[in-house]
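A.B. asks: Starting off with a structure, shown below.
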Amino acid sequence: MFKIIDNSITKKNQKFLINLIIENRHFPWFFMKDVTKTKDGDQKRPAFSHYFVLHSKTNSNFFNAVKPVFSKYIRKNIINFKSILQLPSLDKKTYDTPHIDMKKPHNVYLYYILDSDGETIFFKNKKIIKKIKPKQGRLVIFNGNILHTAYQPKKNIRCVININEEK
């Protein structure tokens, strides 16, 4: 159901992603009014995103630098490949809106760029079945039809790479 791989990429590549995505002043982030806006509405929990690939088309000049880091995992067509950055929040609500990334059958690769306190949560029949702590270098691979979300970080920024791959 879930595959969790710690140190999924080399320490050198972990540092490369931190330098490129977090520490690079020229890396473009785009404001999102809500990190998990759904058809049911939004919670107005802002975040920033950067799409390397959007709807199976390259969308970023940084894609060719980042793609090789994950090449040993990705086997099929990439539908979406993005990074999401959330700042610490004072919001007392529990977690963001549970969602699936898309209706089309897909696999999700969720990579944690940094350690953080914003756990990823997975659901079955509206009940929490698994919580995963963001840990630098950790990759979680799961079936894209599993309902998931995350707690808003309270202490640290939460930065992930989310890859949706065709099944």
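The values are calculated or read from the model by the stated rules, or taken from the named source; none is laboratory data. In this text, all values refer to a predicted model and were calculated from it rather than measured experimentally. Cβ placement follows ideal geometry from the backbone for every residue including glycine, while neighbour counts extend to all protein chains displayed. Ligands, DNA and RNA are stripped out before the accessible areas are found, and what is left, the full protein with its side chains, is counted by its heavy atoms. Shrake-Rupley method; radii C 1.70, N 1.55, O 1.52, S 1.80 Å.
A.B. asks: Quick one: LYS131 ticks every box in (1) without any contact (Cβ under 8 Å) to a residue 40 or more places away in the chain; (2) surrounded by 16 or more Cβ atoms within 10 Å (Cβ to Cβ); (3) not β-branched (Val, Ile, Thr) bar one, so which box is it?
C.D. replies: (2)
A.B. asks: Then there is this: Name every residue in segment 86-128 that is surrounded by 13 or more Cβ atoms within 10 Å (Cβ to Cβ) and hydroxyl-bearing (Ser, Thr, Tyr), in order of residue number.
C.D. replies: SER89, TYR95, THR97, TYR109, TYR111, TYR112, SER116, THR120
A.B. asks: Moving on. Output the number of residues of segment 105-125 satisfying the condition of being within 11 Å of the chain's Cα centre (by Cα) and assigned to a strand (DSSP E or B). Show your work before the answer.
C.D. replies: Of all residues in segment 105-125, those within 11 Å of the chain's Cα centre (by Cα) come to 108-113, 120.
Right, trim to assigned to a strand (DSSP E or B) and you get 108-112, 120.
Within segment 105-125, residues that are within 11 Å of the chain's Cα centre (by Cα) and assigned to a strand (DSSP E or B) number 6.
A.B. asks: Those residues that are of a type in the set (A, V, I, L, M) and part of a strand (DSSP E or B), I need them from segment 64-91; list them, please. I'd like the intermediate steps shown before the answer.
C.D. replies: So the first thing to find is which residues in segment 64-91 are of a type in the set (A, V, I, L, M), and the list is 65-66, 69, 74, 78-79, 84-85, 87, 90.
Listed by number, the residues that qualify are ILE78, ILE79, ILE84, LEU85.
A.B. asks: Can you find a residue in segment 25-36 that is under 15 Å from the mean Cα position of the chain (by Cα), in a loop (DSSP other than H, G, I, E, B) and surrounded by fewer than 18 Cβ atoms within 10 Å (Cβ to Cβ)?
C.D. replies: Yes: one or more hits.
A.B. asks: Identify all residues within segment 16-75 that are at pLDDT below 90 and among the aliphatic types (A, V, I, L, M); write none if there are none.
C.D. replies: Once the filter is applied, which keeps residues that are at pLDDT below 90 and among the aliphatic types (A, V, I, L, M), segment 16-75 yields MET32, VAL35.
A.B. asks: Just name the residue that is farthest from ASN24 (Cα to Cα) out of those in segment 42-81 that are open to solvent by 40 Å² or more (accessible area, probe 1.4 Å) and of a type in the set (A, V, I, L, M).
C.D. replies: Top of the filtered list is LEU54.
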